[in-house]
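Structure, as structure tokens:
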Amino acid sequence: MNQEKYKSLKKIINGRTSEKNIFEESELMVAAVSILIEKDNPDYPIYMIKRADEGKHALEWAFPGGKMEKSDLNLSHTATRETNEEIGADINDFVLWGELEPVVTLGTGWAIQPFVGEISNNPSLKKNEEEVEEIVKIPLFELIEESNKRYVSFTRDEKRIDSRAFAFEDKLIWGASARMIIQISDLINKKVNNG
């Protein structure tokens, strides 16, 4: 069953592009991330990182990626470069299929372009100690099961913010990362329901 979901997801996302109107808003900082699925693993895990203990997104679970630099050719290049920098994934070990819709962070001013792709089974990785506290693999199709869905609330600048989230083992994935996972879940469910 997971193999069929994986194949369907790859087919849906392969070559997919997103609406990029959000990036025209000059007050938002622009970033890109890679959502990499281990292709020859029956659990089809996604690679996530726990951000290092610094900055506004410290110790949050996220996907490898980061800020677009002037030298980047495009957002795909940003995602590839940052994935290599943060987790040491060799660019020959992964390929990006296509894009999800951009996600804006809750109150921190980032517009993020997510790319989905595949990575070889058990690639050689080396975390960037300054930016990454931990690299984990989380089974994608298990993560998006109903039993792992949650809601979290927090306050930022005296405003209450509610966010959908996912819980897996001792990890709580919320905010922009959760909204990216929701997009994947919605694409899979739409395919299952509509054939």
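Inspect all residues belonging to region 156-168 and state whether any of them is surrounded by 15 or more Cβ atoms within 10 Å (Cβ to Cβ) and not in a strand (DSSP E or B). Walk me through it before giving the result.
Initial filter on region 156-168 (surrounded by 15 or more Cβ atoms within 10 Å (Cβ to Cβ)): 163-168.
Retained after the next criterion (residues that are not in a strand (DSSP E or B)): none.
No: region 156-168 contains no residue that is surrounded by 15 or more Cβ atoms within 10 Å (Cβ to Cβ) and not in a strand (DSSP E or B).
Report, by residue number, each residue of region 137-172 that is of a type in the set (Val, Ile, Thr) and modelled with pLDDT of 95 or more. Explain how you work it out, then say what you get.
Start the filter on region 137-172 by keeping residues that are of a type in the set (Val, Ile, Thr), which leaves 138, 144, 152, 155, 161.
Result: ILE138, ILE144.
Of the residues in region 4-22, how many are in a helix (DSSP H, G or I) and buried (at least 16 other Cβ atoms within 10 Å of the Cβ)?
7
Please determine whether any residue of region 53-65 is under 19 Å from ALA178 (Cβ atoms), free of Cβ contacts under 8 Å to residues at least 60 places away in the same chain and not in a loop (DSSP other than H, G, I, E, B).
Yes.
Please find, among LEU100, LEU106, the residue that is touching a helix residue (DSSP H, G or I) at 6+ places or on another chain (Cβ under 9 Å), surrounded by fewer than 23 Cβ atoms within 10 Å (Cβ to Cβ) and touching a residue at least 12 places away in the same chain (Cβ under 8 Å).
On the way: LEU100 fails: surrounded by fewer than 23 Cβ atoms within 10 Å (Cβ to Cβ).
LEU106 is the lone residue from the list that is touching a helix residue (DSSP H, G or I) at 6+ places or on another chain (Cβ under 9 Å), surrounded by fewer than 23 Cβ atoms within 10 Å (Cβ to Cβ) and touching a residue at least 12 places away in the same chain (Cβ under 8 Å).
Name the residues in region 74-98 that are farther than 13 Å from ALA31 by Cα and assigned to a loop (DSSP other than H, G, I, E, B), would you?
Within region 74-98, GLY88, ALA89, ASP90, ILE91, ASN92, ASP93 qualify.
The values are calculated or read from the model by the stated rules, or taken from the named source; none is laboratory data. The structure presented is a predicted model; accordingly, all values stated were derived computationally and were not measured. All Cβ positions, glycine included, derive from the backbone under ideal geometry; neighbour counts span all protein chains shown.
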